[in-house]
Amino acid sequence: MENFTFYSPTKFVFGKDTEKNCGNLVKEFGGTRVLIHYGGGSAVRSGLIDRVKNSLTANGIYFCELGGVHPNPLDDKVYEGINICRKEQIDFILAVGGGSSIDSAKAIAMGVPYDGDFWDFYSGKSPKAAVPVGTVLTIAAAGSEGSGDSVITKKDGMLKRGAGSELIRPKFSILNPELTTTLPAFQTACGATDIMAHVFERYFTNTQNVETTDRLCEAVLLSMIHETPKVIANPNDYQARANIMWAGMVAHNNIVGVGRDQDWNSHGIEHELSALYDCAHGAGLAVIMPAWMQYVVEHDVMRFAQMATRVWNCKMDFNNPLQTALDGIQAFKNFLKSIGMPLTFAELGAKEEDIPTLVKNFGIGNGETGGFVHLKAKDIENIYRLAL
């Protein structure tokens, strides 16, 4: 295990009706003028935005609104939010929704006090200041409610890039599993896939002797395997929804990833798919993650065999551990199919002729990525082709 510093100061308020506490929480963290930032009309139609407004009003907190966040959040909405915050002297941003709304709120938060273009933070620069952010979560998926990460797509070139800073880790996050019960089965499955991918990006590591975090990773994956079919069959299963919502946070606040190197190549490869085709991130990961696994499996057969036996209950073939590893990858694909996820380019709506564009947009040129296996542009192309 490697040295690490783990600091996760977000206050989580979990359970039924907890969104009614958002005014108290904003006040607790010093907010007096709030931007409510959300996505589509469902948060309005469900009455959630009204409940949030009522809570802020009851605490004497001024607010304004900015809705319309795109499912793969775009830079134009961030620029709009920055301008509103400056004009309205906003000192707290409250994201209501899923990862897209939260990521957009984080981008706005970094951009408000910055003299340059917020996109600098998605091109390698670190912020020096940010407006505080809180969240009211409506979908278990991205884990942005507990992380210091954000992903935004730049419309010029459709480039999807990430930024990270402790300054944008939410001050508080309200997690009410009831808010996820109206999600369509496909969205629920996409969220579950994203959660599992966040764990796998940490699980596949070259760091030795990380048994504790291995077991934590495996526990979250086993929970997702157990609970996801329940909510697909019965969207109103509160307890299953609750377990998935907490798993989503645990998967991405890095408690399962400390002390070990991580990969994140599957996320990077998928980001180009969702940027170009505007597909759901979880659906793209369902296509890319198994293809990546298949491509790199021989780098560490025993780690994949460990996944197969501990997570998917495959029988260990000590004479042929590679077969055990491949059985585990197939079990993962079978699970994804069982919850309604696509597994191929065709199912996703992606096109073989766009692969050169996808590789170019990935942006490594003649270099290579880091991660579990270092990848060059040709490797990225090969993984896309495995996903055909």
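The values are calculated or read from the model by the stated rules, or taken from the named source; none is laboratory data. Being a predicted model, the structure only gives us computed values, none of them experimental. Quick reminder, even Gly has a Cβ in these numbers, built from the backbone with ideal geometry, and neighbours come from all protein chains shown. Ligands, DNA and RNA are stripped out before the accessible areas are found, and what is left, the full protein with its side chains, is counted by its heavy atoms. Shrake-Rupley method; radii C 1.70, N 1.55, O 1.52, S 1.80 Å.
One table, with the values for the structure above:
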| read-out | value |
| --- | --- |
| Qualifying residue in segment 181-188 (condition: open to solvent by less than 10 Å² (accessible area, probe 1.4 Å) and out of contact with any Phe, Trp or Tyr (no Cβ under 9 Å at 6 or more places or on another chain)) | no |
| Pairs where the first residue, in segment 154-174, is assigned to a helix (DSSP H, G or I) and the second is polar (S, T, N, Q) and surrounded by 19 or more Cβ atoms within 10 Å (Cβ to Cβ), C-beta under 9 Å, 6+ apart | Ile168/Ser147; Ile168/Ser150 |
| Pairs where the first residue, in segment 365-388, is farther than 15 Å from Glu272 by Cα and part of a loop (DSSP other than H, G, I, E, B) and the second is open to solvent by less than 80 Å² (accessible area, probe 1.4 Å) and among the small types (Gly, Ala, Ser), C-beta under 6 Å, 6+ apart | none |
| Filter pass, Ile288 being open to solvent by less than 40 Å² (accessible area, probe 1.4 Å), farther than 13 Å from Ala197 by Cβ and in a helix (DSSP H, G or I) | no |
| Test: Ile232 is of a type in the set (Val, Ile, Thr), assigned to a helix (DSSP H, G or I) and surrounded by fewer than 21 Cβ atoms within 10 Å (Cβ to Cβ) | yes |
| Lys53, sole failed condition from (1) among the basic types (Lys, Arg); (2) modelled with pLDDT of 95 or more; (3) open to solvent by 60 Å² or more (accessible area, probe 1.4 Å) | (3) |
| Among (1) open to solvent by 20 Å² or more (accessible area, probe 1.4 Å); (2) farther than 30 Å from Ala275 by Cβ; (3) out of contact with any Asp or Glu (no Cβ under 6 Å at 6 or more places or on another chain) - the single one Cys22 does not satisfy | (1) |
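A quick yes/no check of all residues on (1) of a type outside the set (Phe, Trp, Tyr); (2) outside any loop (DSSP other than H, G, I, E, B); (3) closer than 22 Å to Asp156 by Cβ; (4) open to solvent by 10 Å² or more (accessible area, probe 1.4 Å):
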| site | (1), (2), (3), (4) |
| --- | --- |
| Asp76 | yes, yes, yes, yes |
| Tyr79 | no, yes, yes, yes |
| Asn83 | yes, yes, yes, yes |
| Arg86 | yes, yes, no, yes |
| Ile90 | yes, no, no, yes |
| Ile93 | yes, yes, no, no |
| Asp103 | yes, yes, yes, yes |
| Ile108 | yes, yes, yes, no |
| Pro113 | yes, no, no, yes |
